[in-house]
Amino acid sequence: MILVTGGLGYIGSHACVALTQAGERLVVLDNLSNAKRSVLERLRELCPDAILDFCEADVRDRGALARVFAAHRVEAVLHFAGLKSVAESVARPLLYYDNNVGGSLALVEAMLAAGVERIVFSSSATVYGPPLSLPHREDHPTAPHNPYGRAKRMVEELLADVARAQPGFRYVALRYFNPIGAHPSGRIGEDPRGEPNNLLPFVTQVAVGRRARLRIHGDDYPTADGTGVRDYLHVMDLAEGHLAALARLRAGGGSLVANLGTGRGHSVREVLAAFERTTGVRVPFEVGPRRAGDLPACWADPSLAERELGWRARRTLEEACRDAWRWQCDNPAGYPD
Ligand code: NAD
Ligand code: UFG
């Protein structure tokens, strides 16, 4: 079985669908701090024949982890569980080190105690910090400039140290760029609590009438149209990256740190245009000041993932907009409580 921590969250839930459709049996562990239980019902509805066990627990809870490993024959772990707000990490750094580093430490300890030696970890492009040059390559120096990013880098280092000390232990750390979109069924998607931080959920909430207008955070960046540029990848492409990582570990491949992105950057205005073109819905916007801590541009060199994992992003920005819009229209208020 595969243990999926944080499997009811945005990315983890999409990975669960990709995994079960590939015939994997899963046990999901999530403390529901940023997910609703109804996600589990949606997953079971999308994957009716799948073996999908659920354990409501905190990944820092060593007793709960020991019980999960004792009750299931876990072969590998996909570790999504974590907090992900950069702004919150600046305000509450200890919470982020405790949850994201402490949680990973407890998990790896429990894995070793149970003889489980393969893990795929959700890292982030944030570990790079301000780019010396673009696109980001995995051998570029890392210089995260907030506690969230530093916690991600610490977990990458923790995994590398354990792999050095423990010959059988192997990991893949995937540095995600900007996941967007939803499963094409419209049954699962991104459901942020409160006002969305991220661009696409904000756009879809404006389009569906939950918010009056998008605020573009600055149009005076040194980019082609002055708005910020990011590497947006479809969440199902990202989910499939985890299958590729798992396949590598099963095949005896070595530990790896790899970017998952498309290799293309799009500006905020380009994303808006793609959304309007695909859905036919106009999105009112205003231009505001820059958001503190934002970088002008960030995109991946994904060639290592293609070489080492045989993975590349296949879906277009338009498909991601279409799928995000379907999810938003079918679930205007997000998941039911
Ligand atoms: P999410 O908040 O939707 O999902 C995270 C899940 O983990 C939630 O279901 C939450 O309830 C659970 N969780 C959090 N702390 C936990 C704990 N201590 N014990 C058990 N469960 C816990 O976030 P997401 O967007 O799906 O992100 C998944 C992972 O990918 C995170 O580690 C995040 O840092 C990383 N990541 C996300 C992005 C992004 O843009 N979404 C980019 C780069 C990396
Ligand atoms: N943006 C707006 N208006 C909004 C929201 C976003 O103009 O309401 C702009 C931002 O300024 C940026 C772009 O849209 O130029 C993308 O912003 P997101 O917040 O969607 O994504 P970021 O790249 O800023 O941040 C994401 C994750 C962070 C992570 C970072 C780097 O949300 O957690 O990628 O990996 F740290």
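Since every read-out is calculated from the coordinates, none of them should be taken as a lab result. The model shown is predicted, which means the values in this text are computed figures rather than measured ones. Every residue, glycine as well, gets a Cβ built from its backbone with ideal geometry; the counts of neighbours run over all protein chains shown.
Some values worked out for this structure:
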quantity	calculated
For HIS136, residues with placed amide H under 5 Å, excluding near neighbours	TRP299, ALA300, ASP301
Pairwise FRET efficiency - GLU41 versus LEU112, Cβ, R0 = 41 Å, nearest 0.05	0.75
Mean projected area (nm²) of the alpha-carbon convex hull when the stretch 243-300 is viewed from all directions	6.7
Most mobile listed residue (CYS47, CYS298, CYS16) in the chain, GNM with C-alpha springs under 10 Å	CYS47
Extension gain (nm, one decimal) between GLU56 and ASP337, 0.36 nm per residue minus Cα-Cα	99.6 nm
Residue-averaged [θ]222 nm for the chain, counting only DSSP H segments that reach four residues, each worth -39500 (n - 2.57)	-11500 deg cm²/dmol
Net charge dipole size for the stretch 44-168 [Lys, Arg +1 and Asp, Glu -1 on Cβ; Debye, nearest 20]	240
Debye-sum result for the chain in log10 I(q)/I(0), which assumes one identical scatterer on each alpha carbon, at q = 0.13, 0.14 Å⁻¹	-0.98, -1.15
The chain - charge dipole about Cα centre, Lys and Arg +1 at Cβ, Asp and Glu -1, debye rounded to 20	100
